[in-house]
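Asker: Take this structure, written in structure tokens, and hold onto it; I'll ask about it next.
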Amino acid sequence: MLELRGITKKYSIFPVVKDVSFAVQPGEILGYLGPNGAGKTTTIKMLAGLLEPTDGEILLDGKNIKKDMTAYKARVGYVPEQSEIYPHLSAQEYLLMVGRLRHLPESRLREKIDNLMGLFDLDKDMMSPISSYSKGMRQKVLISAALLHNPDILLFDEPLSGLDVTTAMVVKDIIHHLAVEQKTILYSSHVLEVTEKLCTRVIIIHKGTVVANDSVENLRHLMKVPSLEEIFSQLVVEEDTAAVARRVIEIIKSS
């Protein structure tokens, strides 16, 4: 089990994440939702071991991850929101670097890379520099890098960004299969329809604070609204979106 206890992250004196606590069980796909700037990516970066919390602790199987961060990171696969990949490397070179850092056997690593690139339809481009790739192609490389070492914990931050419809469907099916394999999965996205169908439970964070933590079904029942989008709207949207839309139409129609 992956658990956050009272996690806070401050930049200077300003808290971006405030006293966040939740747990993710093996086999669970936990949706992590919130508007831009709510603290989602900061939370995920702390879970990935890229940022250190200002307060609170993160535990895996009851042990603070700080006691052996190297061992913890070896069990984590992370797909970041931004595709920060070395642009001068090819997909093959980048994945070889990632696999070697993960201490994967060379022959097995090359076989995995070839197979993944073939399945993601990148086999003909895997020797080209990543700087020449589209956003979707880069996303496929990031997903491959996160899965390469068969991690126990998967952290997905907008994983479908830039993907074509078919590949997005494949990735969603992969996530389902990973849950069946008892992986611990945190899934953050702005696409509420996908989150509603994919996740067994959702957390909604707003201004750094958790405002909901339950199954979509229970939240629907408690709030008496039919969809995750309406739940999200009631909890975190602070403006009249219909009024804003009408004003935009008025502006573009004005002569």
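The values are calculated or read from the model by the stated rules, or taken from the named source; none is laboratory data. Owing to the predicted nature of the structure, the values given are computational and were not obtained by experimental measurement. Neighbour counts are summed over all protein chains in view; Cβ atoms, including those assigned to glycine, are modelled from backbone coordinates with ideal geometry.
Asker: Of the residues Ala48, Ala71, only one is under 30 Å from Met126 (Cβ atoms) and assigned by TED's automatic domain parsing to the domain that holds Glu193; which?
Answerer: Only one candidate passes the filter, namely Ala48.
Asker: In the set Leu89, Leu30, Leu47, Leu51, which member is closer than 25 Å to Ser233 by Cα, out of contact with any Asp or Glu (no Cβ under 9 Å at 6 or more places or on another chain) and crowded, with 16+ Cβ neighbours inside 10 Å?
Answerer: Leu30
Asker: Something else: How about region 159-179: which of its residues are among the charged types (D, E, K, R) and either touching a residue at least 60 places away in the same chain (Cβ under 8 Å) or more than 17 Å from Tyr133 (Cβ to Cβ) (or both)?
Answerer: Lys172, Asp173
Asker: Mind checking which residues of region 191-208 are surrounded by fewer than 16 Cβ atoms within 10 Å (Cβ to Cβ) and either modelled with pLDDT under 80 or more than 18 Å from the chain's Cα centre (by Cα) (or both)?
Answerer: If the condition is that a residue be surrounded by fewer than 16 Cβ atoms within 10 Å (Cβ to Cβ) and either modelled with pLDDT under 80 or more than 18 Å from the chain's Cα centre (by Cα) (or both), then Val191 is the only one that fits.
Asker: I've got another one for you. Show me the strands (runs of 3 or more DSSP E) found entirely inside region 115-212 where at least 1 residues are within 30 Å of His88 (Cα to Cα).
Answerer: 153-157, 184-188
Asker: Continuing with the same structure: Can you tell me which condition Asn115 does not meet? The list is (1) under 21 Å from the mean Cα position of the chain (by Cα); (2) at pLDDT below 95; (3) surrounded by fewer than 18 Cβ atoms within 10 Å (Cβ to Cβ), and all the others hold.
Answerer: It fails just one condition, (1).
Asker: Filter region 33-55 down to the residues that are more than 14 Å from Ser215 (Cβ to Cβ) and not in a loop (DSSP other than H, G, I, E, B) and list them by number.
Answerer: Scanning region 33-55 gives Lys40, Thr41, Thr42, Thr43, Ile44, Lys45, Met46, Leu47, Asp55.
Asker: A further question on this structure: Report whether or not Lys135 is in contact (Cβ under 8 Å) with a residue 24 or more places away in the chain, surrounded by fewer than 20 Cβ atoms within 10 Å (Cβ to Cβ) and more than 28 Å from Ala71 (Cβ to Cβ).
Answerer: For Lys135, the condition - in contact (Cβ under 8 Å) with a residue 24 or more places away in the chain, surrounded by fewer than 20 Cβ atoms within 10 Å (Cβ to Cβ) and more than 28 Å from Ala71 (Cβ to Cβ) - is met.
Asker: Identify, from the list Val24, Val16, the residue that is closer than 24 Å to Glu181 by Cα, surrounded by 18 or more Cβ atoms within 10 Å (Cβ to Cβ) and assigned by TED's automatic domain parsing to the domain that holds Ile205.
Answerer: On inspection, the qualifying residue turns out to be Val24.
Asker: Could you please tell me which pairs satisfy a Cβ distance under 8 Å, a separation of 6+ or placement on different chains, a first residue in region 88-117 that is free of Cβ contacts under 8 Å to residues at least 60 places away in the same chain and under 21 Å from Arg75 (Cβ atoms), and a second residue that is surrounded by fewer than 12 Cβ atoms within 10 Å (Cβ to Cβ) and not basic (Lys, Arg)?
Answerer: Listed by first residue and then by second, the contacts come to Arg100/Glu106.
Asker: Would you check if there is a residue in region 91-114 being closer than 27 Å to Ser161 by Cβ, small (Gly, Ala, Ser) and not in a helix (DSSP H, G or I)?
Answerer: Checked region 91-114: no residue is closer than 27 Å to Ser161 by Cβ, small (Gly, Ala, Ser) and not in a helix (DSSP H, G or I).
Asker: For Thr70, only one of the following conditions fails: (1) part of a loop (DSSP other than H, G, I, E, B); (2) free of Cβ contacts under 8 Å to residues at least 60 places away in the same chain; (3) out of contact with any helix residue (DSSP H, G or I) (no Cβ under 7 Å at 6 or more places or on another chain). What is its number?
Answerer: (1)
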